1. Can you find, within the stretch 1-29, the residue that is modelled with the lowest pLDDT among those that are out of contact with any strand residue (DSSP E or B) (no Cβ under 7 Å at 6 or more places or on another chain) and surrounded by 10 or more Cβ atoms within 10 Å (Cβ to Cβ)?
2. Taking the chain, which residues are among the small types (Gly, Ala, Ser) and either over 14 Å from the mean Cα position of the chain (by Cα) or at positive phi (or both)?
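The values are calculated or read from the model by the stated rules, or taken from the named source; none is laboratory data. As the structure is a prediction and not an experimental result, all values here were calculated from the model. Counting neighbours? That spans all protein chains shown, and the Cβs are built from the backbone with ideal geometry, glycine included.
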Amino acid sequence: MKEGDRIPDFSLKDGSGRVYTPKDFRGYWLVLFFYIQDNTSG
């Protein structure tokens with residue numbers, strides 16, 4: 001993905017079990033952050 005690309009369809013569950021999809025954020029700014037080095041030696 002590059003900055004400005006549209007996000008693909010996905011679903012994510014929060015700690016209480018609620019599932020979120022991109023449709024839940026229509027009309028709002030959404031920032032996705034990928035922390036790729038979590039639990040790695042890098």
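1. Checked the stretch 1-29; the qualifying residue modelled with the lowest pLDDT is Ile7.
2. Gly4, Gly15, Ser16, Gly17, Gly27, Ser41, Gly42 - these are the residues of the chain that are among the small types (Gly, Ala, Ser) and either over 14 Å from the mean Cα position of the chain (by Cα) or at positive phi (or both).
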